[in-house]
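> Got a structure here, written out as structure tokens. Questions coming.
The values are calculated or read from the model by the stated rules, or taken from the named source; none is laboratory data. Since the structure is predicted, the reported quantities are computational estimates derived from the model, not experimental observations. In this analysis, Cβ positions are derived from the backbone assuming ideal geometry, glycine residues included, and neighbour counts consider all displayed protein chains. Note: areas computed on protein heavy atoms with side chains; ligands, DNA, RNA excluded. Shrake-Rupley method; radii C 1.70, N 1.55, O 1.52, S 1.80 Å.
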Amino acid sequence: MNVIIQVSEKEKIDMANVVATHLATEKDIEHIEVVFLETAIHAVTDEKAIKPMLGADKVKVMACRTSMEMHNIKPSDLVHGVEATPKGGFVEILRKQQDGWYYIHV
């Protein structure tokens with residue numbers, strides 16, 4: 001099973017850490033992708049904010065390319081281990097759902 005998690009609000013960053021790291025301990029979950037966008041996008045530039053996710057097996061942290069542009073965040077500003085989405089975050093989420101991934105919005 002694969003899960004994609006959308007984090008749009010900065011107030012939800014801590015909850016995203018909890019959800020992603022708890023899901024990562026489940027045997028039947030293979031991959032978790034956490035996409036940060038909108039006001040939560042700044043988490044991808046702050047290692048302390050997303051450290052639990054960065055250390056969790058199965059978890060990939062993604063930054064919405066559109067939100068990065070809107071908030072003047074360059075790829076070089078991203079915490080080591082964070083990747084920018086190929087297109088916008090919502091496109092990434094839709095593609096994953098189309099591929100059968102489960103979707104969670106925290």
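> Summarise the accessible area of the chain (1.4 Å probe, protein heavy atoms) by the percent that is carbon and sulfur.
Roughly 51 percent, rounded to a whole number.
> Would you mind telling me which residue in 87, 27, 96 has the biggest mean-square fluctuation in a Gaussian network model of the chain, where springs connect alpha carbons within a distance under 10 angstrom?
It is 27.
> Let me ask something else. Please compute the per residue accessible area over the chain with all protein chains in place, 1.4 Å probe, rounded to a whole number of Å².
57 Å²
> Determine the sum of side-chain charges near residue 92: Lys and Arg each +1, Asp and Glu each -1, restricted to other residues whose C-beta is under 14 angstrom from that of residue 92.
My count for the surroundings of residue 92 gives +1.
> Taking amide hydrogens as modeled 1.01 Å from N in the peptide plane, which residues meet the under 5 Å criterion relative to residue 9, leaving out close sequence neighbours?
It is 40, by chain and number.
> Using a 1.4 angstrom probe with every protein chain in place, what is the largest-first accessible-area order of 65, 95?
Ranking 65, 95 by accessible area, largest first, yields 95, 65.
> Which net charge results for the neighbourhood of residue 75, defined as the other residues with beta-carbon distances under 10 angstrom from its beta-carbon, given Lys and Arg at +1 and Asp and Glu at -1?
So the environment of residue 75 carries a net charge of 0.
> Quick one: which of 60/96; 10/58; 60/87; 27/58; 12/48 span more than 19 angstrom between C-alpha atoms?
Violating the 19 Å Cα-Cα cut-off are 10/58.
> Next up: Mind telling me which of 35, 82, 18 comes out most flexible in a GNM of the chain, alpha-carbon contacts under 10 Å?
Comparing 35, 82, 18 in the GNM, the peak value goes to 18.
> Now, a different point. Just the Cα atoms of the chain, one point each, no solvent: what log10 I(q)/I(0) does Debye give at q = 0.17, 0.19 Å⁻¹?
Treating every Cα as an identical point scatterer, log10 I(q)/I(0) equals -0.68, -0.86.
> What do you get for GluC sites (Glu not before Pro) in the stretch 7-106 restricted to DSSP loop and a cutoff of at most 16 other Cβ within 10 Å of the site's Cβ?
9, 26, 30
> Give me the accessible area of residue 12, 1.4 Å probe, in Å² rounded to the nearest 10.
Residue 12 exposes around 80 Å² with every protein chain in place.
> If you don't mind, another one. I'd like the accessible area for residue 25: 1.4 Å probe, protein heavy atoms, all chains in place, Å² to the nearest 10.
About 100 Å², rounded to the nearest 10.
> For the chain, what's the relative contact order in percent, using C-alpha pairs closer than 8 Å and at least 6 residues apart?
Normalised by residue count, the contact order of the chain is 34 percent.
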